[in-house]
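One structure below.
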Amino acid sequence: MEQTRMLVLITAHLSERTAREWIPFCPWSCFEKGEYGWFMYVCDDVGITEEAAVPLEVRSAIHVAKRKGCGWIMWDRDAPCIEELPQYEWGVSMPTSPA
């Protein structure tokens, strides 16, 4: 039986622009998780993930997930923040420092 790990990240690690304009058109598997998040496959095709069109915060999250041996990322509005990723305050375009 095959199993995979899932990295759980707060949606604040995504900019509002990325969430609204890029996530719906993600070029690999990404599914809505109700109203407040997404399940995103940790794409291992470097040719896709390192394209300029892929937002930096998504690429950074994928690097963290790969390092931790995770095959999926669950973006959830109530998940914990991790210090190594920037946090974005929705409605503001600049990242904020970790809490």
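Pairs are defined by a Cβ separation below 9 Å, a sequence spacing of at least 6 or placement on different chains, a first member in the range 4-22 that is closer than 15 Å to A79 by Cα, and a second member that is buried (at least 17 other Cβ atoms within 10 Å of the Cβ) and among the polar types (S, T, N, Q); the pairs so defined are I10/Q87; A12/Q87; H13/Q87.
Residues in the range 43-60: is at least one part of a strand (DSSP E or B) and either in contact with a strand residue (DSSP E or B) (Cβ under 8 Å, 6 or more places away or on another chain) or under 23 Å from R5 (Cβ atoms) (or both)?
So the first thing to find is which residues in the range 43-60 are part of a strand (DSSP E or B), and the list is none.
No, the range 43-60 has no match at all.
Taking residues in the range 61-83 that are without any contact (Cβ under 8 Å) to a residue 24 or more places away in the chain, and partners anywhere that are surrounded by 15 or more Cβ atoms within 10 Å (Cβ to Cβ), the pairs with Cβ atoms closer than 7 Å and at least 6 places apart or on different chains are I62/V42; I62/C43; I62/T49. Exactly one residue out of W28, W75, W90 is aromatic (F, W, Y) and modelled with pLDDT of 95 or more, and it is W75.
Within the range 2-9, is even one residue more than 17 Å from E89 (Cβ to Cβ) and in contact with a Pro (Cβ under 9 Å, 6 or more places away or on another chain)? Within the range 2-9, one or more residues are more than 17 Å from E89 (Cβ to Cβ) and in contact with a Pro (Cβ under 9 Å, 6 or more places away or on another chain).
For every residue, the table says whether it meets (1) aliphatic (A, V, I, L, M); (2) at pLDDT 95 or above; (3) closer than 13 Å to G71 by Cα.
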| residue | (1), (2), (3) |
| --- | --- |
| T4 | no, no, yes |
| L7 | yes, yes, yes |
| T11 | no, yes, no |
| L14 | yes, yes, no |
| R20 | no, no, no |
| P24 | no, no, no |
| F39 | no, yes, yes |
| C43 | no, no, yes |
| V46 | yes, no, no |
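Of all residues in the range 62-72, those that are under 17 Å from I48 (Cα atoms) and in a strand (DSSP E or B) total 2.
Residue count for the range 23-42 satisfying the condition of being in a strand (DSSP E or B) and touching a residue at least 24 places away in the same chain (Cβ under 8 Å): 5.
This table checks each residue for (1) surrounded by fewer than 13 Cβ atoms within 10 Å (Cβ to Cβ); (2) under 18 Å from P86 (Cα atoms).
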{"residue": "R5", "(1), (2)": "yes, no"}
{"residue": "H13", "(1), (2)": "no, yes"}
{"residue": "W22", "(1), (2)": "no, yes"}
{"residue": "E35", "(1), (2)": "yes, no"}
{"residue": "V42", "(1), (2)": "no, no"}
{"residue": "A61", "(1), (2)": "no, yes"}
{"residue": "R67", "(1), (2)": "yes, yes"}
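The set of residues from the range 69-84 being surrounded by 15 or more Cβ atoms within 10 Å (Cβ to Cβ) and in contact with a Ser or Thr (Cβ under 6 Å, 6 or more places away or on another chain) comprises G71, W75.
The values are calculated or read from the model by the stated rules, or taken from the named source; none is laboratory data. Computed from a predicted model, the values in this text were never measured in an experiment. As a convention, Cβ positions derive from the backbone with ideal geometry for all residues, glycine included, and neighbour counts pool all protein chains shown.
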